[in-house]
Amino acid sequence: MPRERSLSVRVLGPFGGSAPGCRLTSFLIGSEAALDAGALTEALPLPAQRRLRRVFLTHAHFDHIASLPFLAANIHGRAGVSLEILAPEPVLEAVRRHVFNDATWPDFTRFPSVKRPTIRYRALEEGRTLRAGGLEVTPYAVNHVVPTFGYVISTGTSAAVFSGDTGPTERLWVAARRAPNVQAIFLECSFSDGEERLAADSQHLTPRLVSQELPKLPQRVPVYLYHVKPFSLPRIRREIRALAEPRLKLLEGEKTIRL
Ligand SMILES: [Zn+2]
Ligand SMILES: [Zn+2]
């Protein structure tokens, strides 16, 4: 019998915009991995930041990487351990070119030394599983205005699916339906139904579009909605309630979910 290993997902930041009480998108997976880095340095005390070994990125939009420069500065000089930044190559390329470029922020892949840098990039391949730190992590392309990837993350006995920023999508849900032991789905819901035009233009979801995605998802699994734009929160809250769909749970603050 394989040993049961639970998957702990700590929602550090469930929002797609920044305001007091609304932290940008960041999840802590176990104690050594993060998914997206909108608010890691605001949410995690320094010792917890220094325990991080890898940060998986869904895409390079600012609300998902905003804390990455400050995280690199905080862990700079950590003895002998680099922080891995993992994503498919187009995402890494944007981070390399626009963030750690020696113009907007130092290139921490060369500091303190090229041999023992503060950060290293590790390219993932779509649909291919990486095993690291007790996790099996697989990215799948979703539909957003820049290259963006959802993830299936599993301990082998428990799995969770993260949509990333996306409009209506298919490939991730095919993988999610096939993946064993999926116990939670984290699905973006950025705008209210009245903003559906804006959601379509920026490739995001609204409560109505979420309800259309639901039949494609693994069934009987809780669906945690995140990436709400703070100004849309009151309307989204009402619209989600009106759907009367017991699987849907709107994330509005920090929360630890053990799977
Ligand atoms: Zn976003
Ligand atoms: Zn985005």
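The values are calculated or read from the model by the stated rules, or taken from the named source; none is laboratory data. Because the structure is predicted, anything quoted here is derived from the model rather than measured. All Cβ positions, even for glycine, are placed from backbone atoms using ideal geometry, and neighbour counts span all protein chains on display. For accessibility, only protein heavy atoms count, side chains too; no ligands or nucleic acids. Shrake-Rupley method; radii C 1.70, N 1.55, O 1.52, S 1.80 Å.
Structure notes:
- Relative contact order (percent, whole number), the chain, Cα cutoff 8 Å, 6+ residue spacing: 19
- Note on the chain: the C-alpha convex hull projects to 13.5 nm² when averaged across all orientations.
- Taken over the Cα atoms of region 42-124, the convex hull encloses 86 Å³ per residue.
- Length released on extending from ARG122 to ARG53, taking residue separation times 0.36 nm less the Cα-Cα span: 23.6 nm
- Peptides 75-88, 163-176 ordered by average Cβ neighbours within 10 Å, highest first: 163-176, 75-88
- DSSP bridge pairs, region 6-151: antiparallel proportion in percent, nearest 5: 55
- Modelled this way, with points 7 Å down the Cα-to-C-beta line, the labels at SER6 and SER18 are 3.3 nm from one another.
- Positive end of the dipole of the chain (Cβ unit charges, origin at the Cα centre): among LEU209, THR256, TRP105, the Cα lying farthest that way belongs to THR256.
- Considering only PRO246, PRO20, PRO234, the Gaussian network model of the chain with Cα springs below 10 Å gives its largest mean-square fluctuation to PRO20.
- Fraction in percent of alpha-carbon pairs per bin - 10 Å, region 57-189: 12, 39, 33, 15, 1
- What region 18-148 shows is 44 Å² of accessible area per residue, with the surface traced by a 1.4 Å probe over protein heavy atoms.
- Separation between Cα centres of region 200-215 and region 67-116, rounded to whole Å: 34
- Bridging of LYS249 to lysines at a Cα separation below 20 Å is possible for LYS216, LYS229, once same-chain residues fewer than 8 apart are set aside.
- Across the alpha-carbon set of region 139-259, the Rg to Rh ratio works out to 0.94, Rh being the Kirkwood radius.
- Treating r as the C-beta distance of GLU245 and ASP107 and R0 as 35 Å, the FRET efficiency rounds to 0.15.
- Cα shape, region 38-87, gyration tensor, a/c 1.5 rule: oblate
- DSSP-defined beta bridges in the chain - what % are antiparallel, rounded to 5: 50
- Top positive-direction residue, dipole computed over the chain with Cβ charges, set VAL152, VAL81, LEU71: VAL81
- Considering only GLY164, LEU24, ALA123, the residue lying farthest towards the positive end of the dipole of the chain is ALA123, judged by Cα position with unit charges set on Cβ.
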